[in-house]
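Read through the structure below, which is laid out as structure tokens, and then see the notes.
The values are calculated or read from the model by the stated rules, or taken from the named source; none is laboratory data. Quantities reported herein were computed from a predicted structural model and do not represent experimental measurements. FYI the Cβ positions are ideal-geometry reconstructions off the backbone, even for glycines, and counts take in every protein chain you see.
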Amino acid sequence: MRGVLVEKVGGPEVLEFKTDLPVPKPGAGEVLVKNELAGLNYIDTYFRTGLYPSKKPEILGKEGYGTIVSLGSDEKPLQGLSVGDKVVWMGGSGYAEYTAAPALHTYKIPDGLDGKLALASFLQGLTALSLIREAHPVKAGEYVLVHAAAGGVGLLLCQMLKATGAHVIATASSREKLDLAKKNGAEFLINYSEEKDLVAKVLEITPGGQGVDVVFDGVGKSTFEDDLLMVKRKGSLVSFGNASGAVPPFAISRLTAKNLRLLRPTLFNYITTREEFTTYTKELFQFILDGKLDIKIHDTYPLEDIRRVHEDLEARKTTGKVLIKI
Ligand code: NDP
């Protein structure tokens, strides 16, 4: 089959487009999906560079959309899934024509929802939803700082937070990106590539200059220290990614300065059970069906262009969701 193999860690050059990869055999608890699209996520770059260790050779890609063509070795309907179902799935090895996907994290696309939109909202949407529900349950009227607000997770956070009645302070590296964040619900805009004193600016926006109730930070290394200064007493710092590099080791005693809550969550530990996964996914897709969530697709790149896809993402050239046509 066609697919992209990574045999060693490195830059985008280690992504090798192949046409002779073996079609995987679905094991117990898996379904074989013929993919039409794969979703790009920043985490793909962490496995490529080795920031997150994983066994190589490896096919990257955490999510896809396609059709179930066979069931795993148990050969019985899994999680109510059947051959012929159009599904989105979350797991591994998505940059390929076929993926043996975990049935537990495979979801049949509801009637009326376009498969492309379902995938474009999927992993990043579940991330945004679980962060605002569980990492810091956001309440109406709270001040919330969203870094990289024009990114995949960022735009969805802006929309969901606005719908919750929160005041969103968005950061991004360009005027165009900030305009997009505004269209998606951000109320206050800061270009963190140009702003000399980000902390002062954020404090100035918040009532009494006390800081925000919560920061959602997928940028990591370059923003973490400022985050500690911008969160108010008893507020939350939710660090959920490393786009600028990993946050260095941190002495927890520093949290006592304001009794801060510091969280480092990952989506997969919010959707470990089938019930958790389906509850969030059903809600996410219903938002789209009800016209309450607007999904911005930056572009759909052909699989053969996989190196350019990673280059563009890491060069901060993309906004919203990036898809890959298989
Ligand atoms: P994005 O579309 O948000 O792309 C990353 C963005 O980060 C860039 O567009 C850029 O926006 C910003 N950025 C800041 N500094 C850098 C830098 N030095 N190099 C590159 N980009 C930088 O990606 P995703 O939506 O896929 O992911 C966003 C974050 O959320 C990532 O850290 C990802 O790992 C994390 N994540 C975590 C999950 C979890 O379960 N914990 C699940 C999903 C995502 P700008 O130019 O505006 O600065």
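Counting only helices (runs of 4 or more DSSP H) that sit wholly inside the stretch 104-213, those with at least 2 residues that are within 15 Å of the ligand (Cβ to nearest atom) and modelled with pLDDT of 95 or more are 115-130, 152-164, 175-183. For the stretch 283-326, the set of residues classified as assigned to a helix (DSSP H, G or I) and within 13 Å of the ligand (Cβ to nearest atom) consists of V309, H310, E311, D312, L313, E314, listed by residue number.
The lone criterion from (1) of a type in the set (A, V, I, L, M, F, W, C); (2) surrounded by 14 or more Cβ atoms within 10 Å (Cβ to Cβ); (3) more than 30 Å from Y143 (Cβ to Cβ) left unmet by A315 is number (2). I'd like the full set of residues that are within 13 Å of the ligand (Cβ to nearest atom) and farther than 18 Å from N41 by Cα, limited to the stretch 228-263. Of everything in the stretch 228-263, those that are within 13 Å of the ligand (Cβ to nearest atom) and farther than 18 Å from N41 by Cα turn out to be V238, V247, L263. Against the condition farther than 17 Å from I288 by Cβ, in contact with a Ser or Thr (Cβ under 6 Å, 6 or more places away or on another chain) and in contact (Cβ under 8 Å) with a residue 12 or more places away in the chain, how does Y107 come out, does it pass? No: the conditions fail for Y107.
Here the condition is being within 21 Å of K321 (Cα to Cα) and small (G, A, S); of S174, S193, it holds for S174 alone.
Within the set T99, T67, the sole residue that is closer than 24 Å to D20 by Cβ and surrounded by fewer than 19 Cβ atoms within 10 Å (Cβ to Cβ) turns out to be T67.
When G245, G241 are checked against the criterion of being within 27 Å of N191 (Cβ to Cβ), small (G, A, S) and surrounded by 13 or more Cβ atoms within 10 Å (Cβ to Cβ), a single residue qualifies: G241. No other residue among E13, E36 is assigned to a helix (DSSP H, G or I), out of contact with any Cys (no Cβ under 7 Å at 6 or more places or on another chain) and among the charged types (D, E, K, R) apart from E13.
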